[in-house]
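Scroll down for the structure; my scribbles are underneath it.
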Amino acid sequence: MYRLLIVDDEPLVQIGLKSMLAKELADKIEVIGTASNGHEAWELITMDPPDIVIADIRMPVMTGLELLNKSHKKYGIVPAFIMLTAYEEFEMARQALLGEAVDYLVKIELNPETLTKAINKAIQRIDEFKPSTGQKEVSPSESSLEDLRQKFMLKLFNHLTGNEEVFLSEANRLNLRFDYNRYIVVYGEISSGNSASDADSSFTQAALDVYSSSISMAREIISRHAPCNIVSIDIQHFAIVFMFNEDTPVAGTMDLITEALENARTMISSYFKADITFGIGSAVSAPLDIAVSYDEAKTAGQQTDAAQPVRLFSHIVGSNRRSGKDKLITAIQEYIDLNLNGKLQLNEVAEVFGLSPAYLSVLFKKSTESGFSEYVNTKKIDRAKEMLLSGDMKIYEVADALGFESAYYFSKVFKKVDGHSPREYIQSKSDM
């Protein structure tokens, strides 16, 4: 690997370069640090000389040209310098080339192709001057471990992790920390702004490049604000798991997270011309409940738009989290009561309320102490009893009116709920 230092007084340029390098040249380049001026860079170079330096020509304290000349006097032509310029700085760029910089890049025209070309020039010089530098064998172990971590987190999001003991044991083997006691999940969606309407447009190489670069930039910006873990979901979506402890007020943490997300949105929009939205779930205290916060974040994310690109789940269900959830459950129960003649499948009801089926199932169980299907069946059988005792309908007619697939299945559910078959129930009431 070739070790590279980025020197620029614009944070956006630093982040953009790191993102492009991570995406285009991850197998060759390791970014060992960043500096905001030539003086900071010189201190880093003298402590641990890199192979390549990308430096802005015009910076405060010490310019890029001054840094180039100082480095060459002490170390020779390695570190290899690539200079960043504006259009009006061509004379300075010429001086840089005379000073044996390997190349210069005009900032406004900077793209993966021009950057890769300049890096390859620098590598050629390094290999000629220091043949032993070369690239080291890249061990696949770390990337394989990261793949396993990503898959592990996806299992967690989908409620597929088993009990807490098994979960923590597997997390420990993957060197994933869950020793915090507060977690908040954010669900992000990236759009490259492609106007193509066909379903395959999301899978173009351009969209892949935007997604990869945006994820890299988001990680760089957001991780500065709070400990977090970023997980790729698909070509447009990703999740961020924020971790903190209970001595940090949740309200303050939410403000911190919102600020970090807004900063990431601004940077990504400016640099990659991509639109990005975020849904934020509620804080949970147990690692296994991260899946609940994820479901909430996804629900909030589905209700974002250009006017509200960042939405909190708590704002959707009510300003008070507990009462908000109570209101949501009450609304779902009322919907069930009004639609007992339908099948009332979990997926369909979840879609009506903009929730994921997994989250609706968890929320229902916690709020009512019964499963969703159990609640629906109980309400249907209560209504069936009223209809059967009216004397106007036969058993198969009641089953059909309440959306059961057959009279046999209706009788089976009836007996499970009431302990009697429909006929036994009618007979018991007739004998009274």
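So here's what we get for this one:
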{"quantity": "Computed label-point distance, nm, for sites Lys416 and Leu12 using a 7 Å Cα→Cβ extension", "calculated": "5.9"}
{"quantity": "Residue-span extension gain [Asn339 to His72] - 0.36 nm each, minus C-alpha spacing", "calculated": "88.3 nm"}
{"quantity": "Largest-first ordering by accessible area, 1.4 Å probe, given options Met217, Met62, Met267", "calculated": "Met267, Met62, Met217"}
{"quantity": "C-alpha long axis of helix 64-75 to longest principal axis of the chain, angle in °", "calculated": "70"}
{"quantity": "Options (i) 23.5, 75; (ii) 29.8, 108; (iii) 34.8, 135 - which one matches Rg and Dmax of the Cα atoms in Å as calculated here", "calculated": "(ii)"}
{"quantity": "Accessible-area composition of the chain, carbon plus sulfur, in percent [1.4 Å probe]", "calculated": "50"}
{"quantity": "Which listed pairs, of Lys327/Lys429; Lys28/Lys298; Lys18/Lys70; Lys343/Lys394; Lys327/Lys416; Lys151/Lys412, have C-alpha distances above 31 Å, in listed order", "calculated": "Lys327/Lys429; Lys28/Lys298; Lys151/Lys412"}
{"quantity": "Protein-only accessible surface order, largest first, of His237, His225 at 1.4 Å", "calculated": "His225, His237"}
{"quantity": "Length gained when the stretch Ser373-His237 is fully extended (0.36 nm per residue, less Cα-Cα span)", "calculated": "45.9 nm"}
{"quantity": "Long-range HN-HN contacts of Ala35 with modeled amide H, under 5 Å", "calculated": "Ile6, Val7, Asp8"}
{"quantity": "Relative contact order of the chain, pairs being alpha-carbon contacts under 8 Å that are 6 or more residues apart, as %", "calculated": "11"}
{"quantity": "Highest-first arrangement of 33-46, 293-306, where packing means the average Cβ count within 10 Å", "calculated": "293-306, 33-46"}
{"quantity": "Estimated vicinal HN-Hα couplings, Hz - segment 208-216 in sequence order (Karplus 6.51, -1.76, 1.60; Gly, Pro = x)", "calculated": "4, 5, 5, 4, 4, 5, 5, 4, 4"}
{"quantity": "Those lysines that a straight Cα-Cα span of less than 18 Å connects to Lys73, excepting residues fewer than 8 apart in one chain", "calculated": "Lys130"}
{"quantity": "In Hz, Karplus ³J(HN,Hα) per residue of segment 163-179 (6.51, -1.76, 1.60; θ = phi - 60°; x = Gly, Pro)", "calculated": "7, 5, 4, 5, 4, 5, 5, 5, 4, 5, 5, 8, 6, 9, 8, 9, 9"}
{"quantity": "Cut-off under 5 Å, modelled amide H: who pairs with Phe81 long-range", "calculated": "Val53, Val102"}
{"quantity": "Accessible area per residue in Å² at 1.4 Å probe, computed on the chain", "calculated": "50"}
{"quantity": "Residue-averaged 222 nm ellipticity for the chain, from DSSP H runs of 4+ at -39500 (n - 2.57), nearest 500", "calculated": "-17000 deg cm²/dmol"}
{"quantity": "In nm, spacing of pseudo-spin labels at Asp48 and Glu397 (7 Å Cα→C-beta vector)", "calculated": "8.3"}
{"quantity": "Computed lengthening from Phe353 to Leu174, 0.36 nm per intervening residue step minus Cα-Cα distance", "calculated": "60.8 nm"}
{"quantity": "FRET efficiency for Ser428 and Gln124, using Cβ-Cβ distance with R0 set to 56 Å, rounded to 0.05", "calculated": "0.05"}
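The values are calculated or read from the model by the stated rules, or taken from the named source; none is laboratory data. Since the model is a prediction, treat every value here as computed from it, not as a measurement. Note: ideal-geometry Cβ built from the backbone for every residue, glycine included; neighbour counts use all protein chains shown. Just so you know, the surface numbers come from the protein's heavy atoms only, side chains and all, with ligands and any DNA or RNA stripped out. Shrake-Rupley method; radii C 1.70, N 1.55, O 1.52, S 1.80 Å.
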